[in-house]
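The values are calculated or read from the model by the stated rules, or taken from the named source; none is laboratory data. Just so it is clear, the model here is predicted, and its values are computed rather than measured. Here the Cβ is made from the backbone with ideal geometry for all residues, glycine too, and neighbour counts use every protein chain on show. Accessible surface is based on the protein model in full, side chains and every heavy atom, while ligands, DNA and RNA are left aside. Shrake-Rupley method; radii C 1.70, N 1.55, O 1.52, S 1.80 Å.
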Amino acid sequence: MTERLAELSALREQAVRGPSERATQAQHAKGKLTARERIELLLDPGSFTEVEQLRRHRATGFGLEANRPYTDGVVTGWGTVDGRTVFVYAHDFRIFGGALGEAHATKIHKIMDLALAAGAPLVSLNDGAGARIQEGVSALAGYGGIFQRNTRASGVIPQISVMLGPCAGGAAYSPALTDFVFMVRETSQMFITGPDVVRAVTGEEITQNGLGGADVHAGTSGVAHFAYDNEETCLSEVRYLLSMLPSNNRENPPSVPCEDPAGRSGEALLGLVPADGNRPYDMREVIEELVDDGDHMEVHERWAPNILCTLARLDGQVVGIVANQPQFLAGVLDIEASEKAARFVQMCDAFNIPIVTLLDVPGFLPGVDQEHGGIIRHGAKLLYAYCNATVPRISLILRKAYGGAYIVMDSQSIGADLTYAWPTNEIAVMGAEGAANVIFRKQIAGADDPEAMRARRVKEYKSELMHPYYAAERGLIDDVIDPAGTREVLISSLAMLRTKHADLPARKHGNPPQ
């Protein structure tokens, strides 16, 4: 037994050490950590339990039979983050460039199955060169098994993809199926076809980072939710995100003790939001004034900046906040904003996170590009997501709430549990100027002084249909509140709704707009 234990210890040491010190140095020279170093940063110290450490491939041909390293290029197992179980797999770029073969894929399948069975989050640390070409179609089938499990786990356990190196071809579809994608600038890239193929087919010259780097996917394509400058910061933020999410869809997000008083007055809000609906302001400052300690984690910060989606806490309880951003495009809804918010609402609903919606929206963005791009279809995604959500939903109208955008942004008519408004609210089919031009077109055209007539009719329309209490008088909002008391109102309302239960009609699944 002593001899066998010594042999086992040597094998484990070999598996942990990796192929060679030279390979480790090469990884570090690229500014990248090894798979095990990354796992150590992600998980609580000493909590990692590895699975199938001694797994080796069985493939032959092209010299593979002479190169059978332990782990087969992926480290899999589980540990804890803040004491809560988390499953993880990490590609080891030092072994076959992290490329996926049959044994490699089988290890990932196993850890995904365990995560789903245990009802715990799954984090993938991606740094791989795609399918292992020497193993042919067996490697491609391995990806198919990953995609199937990503889909089966969707909305059941949180799935987080952390891009720490290349991810090309079909491999990029697994992160796209998960809930959140993190990327690191300069070292991580994602694309279906690389720069060489792009050059051969289209003649376009572009670098790997220019084609699929972190800034591209965080700001242009919307593929990445978060982008950071280094791996340490990135993995720290993954831990923070996990602290805001439940382990699975049968649990509520973890609550934390809160020292920020629930009844704290928000007098600063009175000066943050101008009463003049045409003046911009930063909605982030409003959010920071409302949430616990001003702390929140914005999702897709650089993509579709005319709408904000962020996770925060109110009195220690996690909430998802969707808010128009008047600093960009006046806070209008467009194709990208609709998609961004719809996905965020769906995520919150899947994981029992109440949704607070802050409205200051002048409508949908007009334009030929928007119409031809399918704004009807894309805007309907947000409408569908809200209508389908059964978590507690509270909406607050700060200033403008015009037309279809008002309805889509979780109005009472599509199922918001509670709707509040500030005294600066303007809820209407459209702005007063536009409405007056339509309703009183003939009177304005026939007047001796058209501008004076238009001004009079605009004032008349505002006084009749756009005063702050018009919607309250008709029961379309529940109350008009003092902005300084907003935090207390939201917290008490969410506490009341904490036991909300709502059932959807029996169905296999809906058919949302695509």
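Taking the listed residues Gly130, Gly145, Gly83, the one that is touching a helix residue (DSSP H, G or I) at 6+ places or on another chain (Cβ under 9 Å), closer than 27 Å to Ala227 by Cα and not charged (D, E, K, R) is Gly130, with no other qualifying. Residues of the stretch 279-328 that are more than 14 Å from the chain's Cα centre (by Cα) and on the phi > 0 side of the Ramachandran plot: Asp293, Gly294, Asp315, Gly316.
If you check Arg68 against the conditions, is it open to solvent by 20 Å² or more (accessible area, probe 1.4 Å) and in contact with a His (Cβ under 7 Å, 6 or more places away or on another chain)? Explain how you work it out, then say what you get.
Details: open to solvent by 20 Å² or more (accessible area, probe 1.4 Å): yes; in contact with a His (Cβ under 7 Å, 6 or more places away or on another chain): yes.
Taking the combined requirement at face value, the residue satisfies it.
Hey, any hits in the stretch 359-368 for a residue that's open to solvent by 30 Å² or more (accessible area, probe 1.4 Å), in contact with a strand residue (DSSP E or B) (Cβ under 7 Å, 6 or more places away or on another chain) and of a type in the set (Phe, Trp, Tyr)? Within the stretch 359-368 (the criterion being open to solvent by 30 Å² or more (accessible area, probe 1.4 Å), in contact with a strand residue (DSSP E or B) (Cβ under 7 Å, 6 or more places away or on another chain) and of a type in the set (Phe, Trp, Tyr)), the answer is yes, since at least one residue qualifies.
Scanning the stretch 473-502 for residues that are open to solvent by less than 40 Å² (accessible area, probe 1.4 Å) and of a type in the set (A, V, I, L, M) yields Ile477, Val480, Ile481, Ala484, Val489, Leu490, Ile491, Leu494, Leu497. When Ile481, Ile444 are checked against the criterion of being over 18 Å from Leu358 (Cβ atoms) and in contact (Cβ under 8 Å) with a residue 12 or more places away in the chain, Ile444 stands alone in meeting it. Somewhere in the stretch 92-105, is a residue β-branched (Val, Ile, Thr) and either in contact with a Leu (Cβ under 9 Å, 6 or more places away or on another chain) or open to solvent by 60 Å² or more (accessible area, probe 1.4 Å) (or both)? Within the stretch 92-105, not a single residue is β-branched (Val, Ile, Thr) and either in contact with a Leu (Cβ under 9 Å, 6 or more places away or on another chain) or open to solvent by 60 Å² or more (accessible area, probe 1.4 Å) (or both). Working only within the stretch 21-47, note down all residues that are in contact with a Ser or Thr (Cβ under 8 Å, 6 or more places away or on another chain), under 22 Å from Trp78 (Cα atoms) and open to solvent by 60 Å² or more (accessible area, probe 1.4 Å). Leu41 - this is the single residue of the stretch 21-47 that is in contact with a Ser or Thr (Cβ under 8 Å, 6 or more places away or on another chain), under 22 Å from Trp78 (Cα atoms) and open to solvent by 60 Å² or more (accessible area, probe 1.4 Å). Residue-level check: of (1) among the hydrophobic types (A, V, I, L, M, F, W, C); (2) out of contact with any Lys or Arg (no Cβ under 9 Å at 6 or more places or on another chain); (3) surrounded by fewer than 16 Cβ atoms within 10 Å (Cβ to Cβ), Leu396 misses just (3).
The strands (runs of 3 or more DSSP E) falling completely within the stretch 109-225 that include 1 or more residues that are of a type in the set (Gly, Ala, Ser) and open to solvent by 30 Å² or more (accessible area, probe 1.4 Å) map to 166-168. In the stretch 312-330, which residues are outside any helix (DSSP H, G or I), aliphatic (A, V, I, L, M) and touching a residue at least 40 places away in the same chain (Cβ under 8 Å)? Result: Leu314, Val318, Val319, Val322, Ala323. For the stretch 15-31, the criterion of being touching a residue at least 24 places away in the same chain (Cβ under 8 Å), under 23 Å from Ala171 (Cα atoms), of a type in the set (Lys, Arg) and in a loop (DSSP other than H, G, I, E, B) is satisfied by at least one residue. When the test is whether a residue is touching a helix residue (DSSP H, G or I) at 6+ places or on another chain (Cβ under 9 Å), touching a residue at least 24 places away in the same chain (Cβ under 8 Å), open to solvent by less than 40 Å² (accessible area, probe 1.4 Å) and under 18 Å from Val489 (Cα atoms), Leu308 does not pass it. Return yes when Leu8 is assigned to a helix (DSSP H, G or I) and over 25 Å from Leu235 (Cβ atoms) and no when it is not. Considered against the rule, which asks whether it is assigned to a helix (DSSP H, G or I) and over 25 Å from Leu235 (Cβ atoms), Leu8 comes out as yes. All of Thr80, Thr76 fail the test of being among the polar types (S, T, N, Q), open to solvent by 10 Å² or more (accessible area, probe 1.4 Å) and either in a strand (DSSP E or B) or touching a residue at least 12 places away in the same chain (Cβ under 8 Å) (or both), apart from Thr80.
Please verify whether Asp417 is of a type in the set (Asp, Glu), farther than 21 Å from Gln514 by Cβ and open to solvent by less than 20 Å² (accessible area, probe 1.4 Å), treating the condition exactly as stated. Taking the combined requirement at face value, the residue does not satisfy it. Being touching a residue at least 60 places away in the same chain (Cβ under 8 Å), over 23 Å from Tyr240 (Cα atoms) and not basic (Lys, Arg) holds for only one residue in Asp334, Asp360, Asp276, and it is Asp360. Please go through the stretch 331-344 and give me each residue that is assigned to a helix (DSSP H, G or I) and either open to solvent by 50 Å² or more (accessible area, probe 1.4 Å) or not small (Gly, Ala, Ser) (or both), ordered by number. Selection gives Ile335, Glu336, Glu339, Lys340, Arg343, Phe344. Can you name the condition, by its number, that Thr499 falls short on among (1) among the hydroxyl-bearing types (Ser, Thr, Tyr); (2) more than 30 Å from Lys381 (Cβ to Cβ); (3) modelled with pLDDT of 85 or more? Every condition holds for Thr499 apart from (2).
Every test in (1) within 24 Å of Asp282 (Cα to Cα); (2) of a type in the set (S, T, N, Q); (3) in a loop (DSSP other than H, G, I, E, B) is passed by Ser255 save one, and that test is (1).
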